[in-house]
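What follows is a short report on a single structure.
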Amino acid sequence: MTERVVLAYGDSNTHGTVPMATLEDQGRFSPAERWPGVCAAALGSGWRMIEEGLPGRTTVHPDPIEGAHKNGLAILPAILETHRPIDLVVLMLGTNDLKQRFSVTPLDIGVSVSKLLDALGQSRSGPKSNRPRLLVVAPMPIEEVGCLAGMFEGGAAKSRRIAAEVARVAALYGADFLDAGEVITVSEIDGIHFDAAAHAALGRAIAAKIGEMSV
C-alpha cells in the first residue's frame with residue numbers, strides 16, 4: 001500500500017508548546033503527546049505525519065517583534081516543495097493573528113486563511129502534481145489570562161467569531177473543516193496553549209475526520 005503523507009501546518013499548538021507560566025518558558029510536549037503524534041498513531045500504518053508547527057506563526061503577517069519568518073504564507077511554498085508529494089494538508093492557523101499588535105478582525109483572519117488556501121491550491125504539491133486534500137481546523141477560542149494576557153488583549157472576544165469565518169472560507173475552497181473549539185479548550189495557565197489531554201483529544205478528532213475524508 002502506498003504511504004499517504006499528511007502535513008500538519010500550524011503554530012505553537014502544532015509545535016506542542018506546553019502552557020506557559022512565564023514568558024521565558026520553552027517547554028514542549030513529547031512527539032507522542034503532541035496532537036500530530038496522537039493523530040498519526042490513530043491513523044496507523046500506511047500514514048506519515050510531517051509536523052510543521054512554528055511558535056508565533058501567523059496566517060499572513062510578518063511579526064514586527066518576533067520576526068518576518070512568522071509569516072505563514074511567505075514560507076509555505078518552500079515547505080510544500082520540500083515535502084511533496086503531500087496527500088493531505090491539515091491547516092490550523094489564526095490564533096497569533098489575535099495578538100493586539102496586528103489589530104485584525106475575525107473577518108480579516110478568514111480572508112487570510114483564504115490566501116493560504118490559494119497558495120495550497122496553486123502549489124501542485126499533491127500526488128501527480130494535483131492539489132493536496134485540505135482539512136482546515138479553526139483554532140479554539142482563547143482566554144486573556146496569565147503571562148500572555150497583555151499580548152492578546154482584546155483577542156478573547158474576537159476568537160469566538162473565528163470559526164464561522166474559517167468555515168465559510170473552507171466551504172468556498174472545497175476544503176474539509178473541523179472546529180477545534182468543539183473538541184478542546186485552552187489551558188487556564190496562559191489561555192492560548194492546551195494541555196496533554198487536549199492534545200490527545202484533538203489528535204483523535206482530526207484522525208477521525210481524516211478517516212471520514214477517505215484520503
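Please identify which residues in segment 11-45 have an amide N closer than 14 Å to a label point set 7 Å out from the Cα of R204, following the Cα→Cβ vector. Only 35, 38-43 pass the distance filter. Note on A41 and R28: the extension gain reaches 2.8 nm, defined as 0.36 nm multiplied by sequence separation minus the Cα-Cα distance. When the Cα atoms of segment 4-213 are aligned to their principal axes, the ranges along those axes come out at 47, 32, 28 Å in descending order. With Cα atoms defining each centre, segment 15-58 and segment 69-148 are spaced 16 Å apart in the structure. With contacts taken as Cα pairs under 8 Å at a separation of at least 6 residues, the chain carries a relative contact order of 25 percent.
Protection proxy ranking for 60-73, 78-91, using the average of other Cβ atoms within 10 Å per residue and placing the highest first: 78-91, 60-73.
Summarising the overall dimensions of segment 24-72 from its C-alpha atoms, the Rg and Dmax are 14.2, 42 angstrom. Out of all Cα-Cα pairs in segment 114-177, roughly what percent, to the nearest whole number, are more than 13 Å apart? In whole percent, the long-distance tail amounts to 68.
All of the numbers you see were taken from the coordinates with simple rules; none came from a lab. Model, not experiment: these values are computed from the prediction. So basically every Cβ, Gly included, is an ideal-geometry build from the backbone, and we count neighbours across all protein chains shown.
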